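The values are calculated or read from the model by the stated rules, or taken from the named source; none is laboratory data. Values in this document were obtained by computation on a predicted structure and should not be read as measured data. So basically every Cβ, Gly included, is an ideal-geometry build from the backbone, and we count neighbours across all protein chains shown. Accessible surface is based on the protein model in full, side chains and every heavy atom, while ligands, DNA and RNA are left aside. Shrake-Rupley method; radii C 1.70, N 1.55, O 1.52, S 1.80 Å.
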Amino acid sequence: KSSLYDMMIKPSDQKKEKQIYEFCCEECSFEIGYGSAAMLMQCQEGNQEHIKHICHEHPLTLIMMKEDYGPCKLCDVIIRGPTYGYGCTPCEFYAHKSCFELPHQVRHHFHPSHFLVLETKRFDSENIPYCQACGSLCRGFRYQCSAYCAFSLHIECATLAPNIKYIGHTQHLVIRIDHVDMDISSQGRGWACNACGFDIDHQVAAPFLRCVECDLNFHEECDTELIKHFSHPHPLVLCDNEEEETNDDKVCYACNKLIQAGPAAYICNSCKSCYLHKSCSELPRRIQHRFHKNVLTLVYTAASRQCKACCKYFNGFTYNCSTCNFYLDLDCVSPRPLLIFRGHEHKLTIFDKLYSNQMCQGSCNFTSPNAYYLRCVKCDFNIHLWCIPLPETIKHESHHHSLILADKLANDDYEDEVCDICEEQRDR
């Protein structure tokens, strides 16, 4: 940390015809030749200290670079003068001031699972990693995943943030990659546009849009809506079903229901036979449901599972608690009516059908799969709707007053009695 002006001069230990002098530090083993020290003193302003950095073996000095200084040793971008930068003049090692002051470790939104560390090791030409943001080679220093995930970022690309709402990918905000504006190499890894299928030509260095989170790339002029869904390995393209009258051969792999003509759905152009309702693609990944105490996560299962609510065996999308081996199919996620039954401590849910031989625990002790049941999912308590006494008073959304149970209700002014809710004929 001593200034060159505070160091003592001593003859070099090297045996040469002409005596060479060098600077040395009395407190440590640091030594530097007289000629190199003179060059440093010309660049050093006042009594400014040298700063040690992981990028270079010698201390670096803040220098006023009045003209262009070649490529920065950290980012490989030309240092345009006049500007301040850090350098080691004897080694001709120079770096942007902004690159020199970069943090050695960051938590980045492109790779939130692990820290990224500033990597100084340079690879040979065959093993140079690609930047996961722009797809070009990381020839200079870079940010590398600390857990060795083979995730690399240019120093410039580490400053990027998704800020563009792109019509072709409304799932996330995207970034715009322009190799010319960013002044980085356009030698890329051969990405293709996920909308049109044509290559993104890095040699031309035309700007393109990219979602790093989904690993999707788009030409700026392409506007086909496309998403990357956790349930499928390939990108899914939004298709229009309005012109098709029937889709008997198209089934959503999430809910196992037909892709009806009209509502939008996604298709995989790689598999050709994979369809996903747009509504199914927008289901929340995690929910808290009254049927289970823990948070449930949306997963895809190709194997058959049994729903803990309606007892149906199914595959496709399910809300699951992996800790309790609890599965809930999509039909049972929707809210169902609840009733209070004095013969059970919990509220009971109305099911129009149970898919297993559930015995009624009321007065009949019969099994009726196609009958309406009241069921407590938590306790596995089941009772036929007709086996419980009807409540004497109920509130119904179709009328502002309470409704009272009556043995009969007839109006002699009319030949037929009609239900005021469904408008169908009712008993007198």
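Just a yes or no: is a residue in the range 165-183 crowded, with 17+ Cβ neighbours inside 10 Å, at pLDDT below 80 and touching a Gly at 6+ places or on another chain (Cβ under 6 Å)?
No, the range 165-183 contains no residue that is crowded, with 17+ Cβ neighbours inside 10 Å, at pLDDT below 80 and touching a Gly at 6+ places or on another chain (Cβ under 6 Å).
Look at Phe317 and say whether it is modelled with pLDDT of 90 or more and surrounded by 20 or more Cβ atoms within 10 Å (Cβ to Cβ).
For Phe317, the condition - modelled with pLDDT of 90 or more and surrounded by 20 or more Cβ atoms within 10 Å (Cβ to Cβ) - is met.
Among the numbered conditions (1) open to solvent by 100 Å² or more (accessible area, probe 1.4 Å); (2) within 18 Å of Thr349 (Cβ to Cβ); (3) of a type outside the set (Asp, Glu); (4) modelled with pLDDT of 75 or more, tell me where Leu390 comes up short.
Every listed condition holds for Leu390 apart from (4).
Going through Arg305, Arg290 one at a time, which residue ends up being in a loop (DSSP other than H, G, I, E, B) and charged (D, E, K, R)?
It is Arg290.
Run down Cys75, Cys134, Cys91 and say which single residue is in contact (Cβ under 8 Å) with a residue 24 or more places away in the chain, in contact with a strand residue (DSSP E or B) (Cβ under 6 Å, 6 or more places away or on another chain) and not in a strand (DSSP E or B). Give the derivation first.
Values: Cys75 fails: in contact with a strand residue (DSSP E or B) (Cβ under 6 Å, 6 or more places away or on another chain); Cys91 fails: in contact with a strand residue (DSSP E or B) (Cβ under 6 Å, 6 or more places away or on another chain).
Of Cys75, Cys134, Cys91, the one residue that is in contact (Cβ under 8 Å) with a residue 24 or more places away in the chain, in contact with a strand residue (DSSP E or B) (Cβ under 6 Å, 6 or more places away or on another chain) and not in a strand (DSSP E or B) is Cys134.
Mind checking which residues of the range 362-384 are open to solvent by 50 Å² or more (accessible area, probe 1.4 Å) and modelled with pLDDT of 85 or more?
Passing the criteria: Tyr372, Lys378, Cys379, Asp380.
Out of Tyr94, Tyr69, I need the residue that is at pLDDT 80 or above, over 19 Å from Ser146 (Cα atoms) and surrounded by 12 or more Cβ atoms within 10 Å (Cβ to Cβ). Which one?
The conditions single out Tyr94.
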